[in-house]
There are 2 protein chains.
Amino acid sequence: MDFVRKDVHNSELPVLCRSCESRHRGICGVLSPEQLVRLSRHSSRHGAGAGQELSGESLETKSYSNIISGVVKLSKMMADGRQQIVGLQFAPDFLGRPLRQENGVTAEAATDVELCSFPKAAMDRMIREMPELEHKLHEQTLNELDEARDWMLTLGRKTASEKVASFLLLIATHADPELETDCSDFDLPMSRGDIGDFLGLTIETVSRQMTKLRKEGIIIIDHNRHVVVPDLSRLADRAAI
Amino acid sequence: MDFVRKDVHNSELPVLCRSCESRHRGICGVLSPEQLVRLSRHSSRHGAGAGQELSGESLETKSYSNIISGVVKLSKMMADGRQQIVGLQFAPDFLGRPLRQENGVTAEAATDVELCSFPKAAMDRMIREMPELEHKLHEQTLNELDEARDWMLTLGRKTASEKVASFLLLIATHADPELETDCSDFDLPMSRGDIGDFLGLTIETVSRQMTKLRKEGIIIIDHNRHVVVPDLSRLADRAAI
DNA sequence: CGTCGCATTGAAGGTTGTCAATGAGAGTGG
DNA sequence: CCACTCTCATTGACAACCTTCAATGCGACG
């Protein structure tokens, strides 16, 4: 998969990077063409199936990744098995944590994902050399913090019905980031069980609230995973935004 | 309050900084003595009473602060008045958010607090000049993210009883950071109402769970605010850590 | 002593969780 | 092609937990 042109001119981008979102909105945006070439020499694209664990023993201990496509869920688990999803990451988010070890969080592919991974050591070195890179990581961390705090309000103070509506709205806005229309249409990146773990609810409650929203005409559900929202503002009302 | 020796030698620390925790564990730890002197020329110590709002219109728009003593609560509010506390900050945390505007979070003094404030502009300039400063801020942001995610697990998956125990444990560990003994003894930094807003519970539920813990001998309560924990491990069991 | 703010306690009701049964869809093998 | 199974989602009945509403208690302060 290490498909980078070897004869690339310094001022040219590696082929893989040209159409990559991370180059625009992600971490790689702060790298110069030469740096990109240098990093891409060690980087490799690869996929991971839904459900596959991305941190822990397997991947992340030795490498970091950009998410090229798909959704990654970050979760925490209690000793007795209770679980809470504490974050969702979408392309072009950076996966992994330089400078600091993970705090009991497990990363798992929620959908099939495509990753672009680089060895930990090379990345760590670049971060130490380039303050802009740390700045970019800091920005992502601030985003994650804002999202976590928004979700704390949802977890602590919203009803089950509002929680489910908030979740659907979150996915809708991430599916079409620059959405202008007031309708939306997307696939849920995870099962009812995962949604429950994200919202602090049981599967059954999630299911009941989804059917309630469906019967009220706020959403249309196809094949369990596909959702159509004819009027996003009505959904936003239910989310108590 | 601007009590800094004017004739200070470059290699000496400003008097105010000498005994300040921020110099050791906080933001100021990455500053050289000269930089400390430069910053301290514009900084001022001042207090704020419990309940006073620290961001919004008053303070933080024009300045950042280090918390010298006391506890600051960060909260989010919904349109209908429901409220969730999304973070607690203790000395020597940095208050304010360079590089990024706050995301609908209000900072309020939970207890009486003592702050050391600097003008936004001077701080922003130093951050741009000193990557170590941004690194330090990044570290604090990572800490806050870890805390937020820990709390998401508490909010989403713990019972009322476990929530209250978790809260008491949180305060106990922050009261004596380097605690070796298995007992602890502290003042709660906030009212039952605030605790409820932190835990996603009502005042009444908080109160009932506190009395339950009291009747079981896990905590002793004096004057509503003072708590003694004879055996922290028993409390930790209740927190389901 | 009366009032005010905060905390506790009690009773009743609602929301959500638990347990159990059923349904829907995908893949498998006869 | 049609059972068969497996997984995931839905639905129902009931119980538990937490909230709501209301009353009482307690300490501080005038």
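The values are calculated or read from the model by the stated rules, or taken from the named source; none is laboratory data. Keep in mind that this is a model prediction, so the values were computed, not measured. Ideal geometry is used to build each Cβ from the backbone, glycine not excepted, and the neighbour counts take in all protein chains shown. When the accessible area is computed, the model is the full protein with side chains, heavy atoms only, and any ligands, DNA or RNA have been set aside. Shrake-Rupley method; radii C 1.70, N 1.55, O 1.52, S 1.80 Å.
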For residue A:151: the one exception among (1) within 13 Å of residue A:27 (Cβ to Cβ); (2) of a type outside the set (A, V, I, L, M); (3) surrounded by 24 or more Cβ atoms within 10 Å (Cβ to Cβ): (1)
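Residues checked against (1) modelled with pLDDT under 95; (2) of a type in the set (A, V, I, L, M); (3) at negative phi:
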site	(1), (2), (3)
A:148	no, yes, yes
A:163	no, no, yes
A:179	yes, yes, yes
A:188	no, yes, yes
A:208	no, no, yes
Within segment A:146-187, of all residues that are touching a strand residue (DSSP E or B) at 6+ places or on another chain (Cβ under 8 Å) and more than 20 Å from residue B:152 (Cβ to Cβ), the one nearest to the other protein chains (Cβ to nearest Cβ) is A:172
For residue A:109, which of the numbered conditions (1) buried (at least 21 other Cβ atoms within 10 Å of the Cβ); (2) hydrophobic (A, V, I, L, M, F, W, C); (3) within 14 Å of chain B (Cβ to nearest Cβ) fails to hold? (3)
Filter segment B:198-213 down to the residues that are out of contact with any helix residue (DSSP H, G or I) (no Cβ under 6 Å at 6 or more places or on another chain) and open to solvent by 30 Å² or more (accessible area, probe 1.4 Å), then identify the one that is farthest from the other protein chains (Cβ to nearest Cβ). B:211
Let me confirm something: among A:128, A:100, which residue is part of a loop (DSSP other than H, G, I, E, B), modelled with pLDDT under 95, within 14 Å of chain B (Cβ to nearest Cβ) and open to solvent by 20 Å² or more (accessible area, probe 1.4 Å)? A:100
So the check is Cβ under 6 Å with 6+ separation or different chains; which pairs have a first residue in segment B:229-241 that's aromatic (Phe, Trp, Tyr) and buried (at least 19 other Cβ atoms within 10 Å of the Cβ) and a second one that's part of a helix (DSSP H, G or I) and modelled with pLDDT under 95? none
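Yes or no, residue by residue, for (1) assigned by TED's automatic domain parsing to the domain that holds residue A:66; (2) in contact (Cβ under 8 Å) with a residue 12 or more places away in the chain; (3) of a type outside the set (Gly, Ala, Ser):
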position: A:89; (1), (2), (3): yes, yes, yes
position: A:94; (1), (2), (3): yes, yes, yes
position: A:107; (1), (2), (3): yes, yes, no
position: A:111; (1), (2), (3): yes, yes, yes
position: A:130; (1), (2), (3): yes, yes, yes
position: A:162; (1), (2), (3): no, yes, yes
Name the residues in segment A:53-97 that are polar (S, T, N, Q), within 14 Å of chain B (Cβ to nearest Cβ) and more than 17 Å from the chain's Cα centre (by Cα), would you? A:83
Scanning segment B:159-197 for residues that are among the small types (Gly, Ala, Ser) and within 12 Å of DNA strand C (Cβ to nearest atom), which turns out most open to solvent (accessible area, probe 1.4 Å)? B:191
Would you please name the residue that is farthest from the other protein chains (Cβ to nearest Cβ), looking only at residues in segment A:214-232 that are more than 10 Å from DNA strand D (Cβ to nearest atom) and farther than 21 Å from residue A:180 by Cβ? A:222
